[in-house]
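A quick write-up on the structure given underneath.
The values are calculated or read from the model by the stated rules, or taken from the named source; none is laboratory data. Small disclaimer: the values here were computed from a predicted structure and weren't measured. Here the Cβ positions follow ideal geometry from the backbone for every residue, glycine too, while neighbour counts run over all protein chains shown.
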Amino acid sequence: MDFGGGDEIRFERLGRAGIVTLTRPQALNALTHAMVKALGKALDAWERDDGVDVVVVEAEGRAFCAGGDILHVYEAGRAGQPPVDFFADEYRLNARIKRFKKPYVALINGIVMGGGVGISFHGSQRVLTENAQFAMPEVGIGFFPDVGGSHLLPDLGGSFGMYLALTGSRIRHGDALWSGLATHTIKAEDQDAFLDRLCATGDPESVLRGFFVPARRETDRPVLEAIARHFAQPSFSDIIASLDRTAPSDEFAAKTLATIRTRSPTSLHVAWRQISAGLTLSMDECMKMEFRILNRMLAGHDFYEGIRAAIIDKGSTPRWRPAGLDDVSVADVDAYFAPLGEQELDL
């Protein structure tokens, strides 16, 4: 089946299922604009198709999807043509997945970050194997946890979502399951049998009952309690102050604070407000808010500087502007959330 996307994404009808496979393993299945548009077309067709009971998204290689194609974003932005249209279509797709009327199963067997989260974790079943690793590391490249991060992360108990947003920390399948990010965990060796059964029945919940293998949480209780204590503070500056007070005598606080201090100060302030606001917003409202932030990020400094340091000059230290956490004003942050007028995201 051809919905576009060339050799970057494959679409198949197998039994009762529509199967989507990301096929850019050499690029860790990073999302391109063509992949986003093709997946959107497939969902439109399969939602109307009475022969398709369930949609499954999977990927080739060792990563599910490591995010968007940020090298392209960097090059386009530096050429004075930031790819706003790519992000607009990506955000529309994220919202489309959230309101998809049929079961949407993400089968994740490897790294899932950024844009990969957007095409998987808004679906009805998020199925992770023991090889899965989840992260929203955007503040480390001067960006923010987009693709619906403001809808997904606030719902995690114990301020775990705020912790993930502000640190960019990676978690494995057990933490994903127990936090509510994943709905099920299965063994990697069972993936083929799981898919075969799902294609035959079209009923993910009944099939998952036979393959579900509970995963133990990787983060121990004292650390979870520390996360809840520090990251539930009523402001970003209060989070920093809480970590700072405890750091001299607590290894977790010291390491966490050191990690946060390497991130973009602007991104941290924006992310804190974004995740806080998302708690009371619908998915569509979150996507419109994120599109406002996105437009300002693409016109700013830190996103391009973060990509330069991480991708262009691999491993170099980014030079954030402003450089200090205390140098970002309330007015600076307000500007990222200001309305876009006629350029608002149309869902």
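Of the residues in the stretch 141-169, how many are touching an Asp or Glu at 6+ places or on another chain (Cβ under 7 Å) and of a type in the set (A, V, I, L, M, F, W, C)?
Final tally of qualifying residues: 2.
Of all the residues that make up the stretch 1-32, how many are in a loop (DSSP other than H, G, I, E, B), in contact with a strand residue (DSSP E or B) (Cβ under 9 Å, 6 or more places away or on another chain) and in contact (Cβ under 8 Å) with a residue 40 or more places away in the chain?
Count: 7.
I'd like the full set of residues that are acidic (Asp, Glu) and either more than 19 Å from Asp203 (Cβ to Cβ) or not in a loop (DSSP other than H, G, I, E, B) (or both), limited to the stretch 33-68.
Once the filter is applied, which keeps residues that are acidic (Asp, Glu) and either more than 19 Å from Asp203 (Cβ to Cβ) or not in a loop (DSSP other than H, G, I, E, B) (or both), the stretch 33-68 yields Asp44, Glu47, Glu58, Glu60.
Looking at the stretch 173-203, which of its residues are among the hydroxyl-bearing types (Ser, Thr, Tyr) and surrounded by fewer than 21 Cβ atoms within 10 Å (Cβ to Cβ)?
Residues satisfying the conditions are Thr183, Thr201.
Please go through the stretch 133-159 and pick out each residue that is crowded, with 24+ Cβ neighbours inside 10 Å and under 16 Å from Leu257 (Cα atoms).
Val139
Does Glu251 count as over 19 Å from the mean Cα position of the chain (by Cα), under 22 Å from Leu152 (Cα atoms) and among the acidic types (Asp, Glu)?
Answer is no for this residue.
For the stretch 1-27: of the residues being among the hydrophobic types (A, V, I, L, M, F, W, C), modelled with pLDDT of 95 or more and over 22 Å from the mean Cα position of the chain (by Cα), which is surrounded by the most Cβ atoms within 10 Å (Cβ to Cβ)?
The qualifying residue surrounded by the most Cβ atoms within 10 Å (Cβ to Cβ) is Ala17.
Could you grab me the full set of residues in the stretch 28-55 that are over 10 Å from Ile9 (Cβ atoms) and either of a type in the set (A, V, I, L, M, F, W, C) or crowded, with 23+ Cβ neighbours inside 10 Å (or both)?
Within the stretch 28-55, Leu28, Ala30, Leu43, Ala45, Trp46, Val52, Val54, Val55 qualify.
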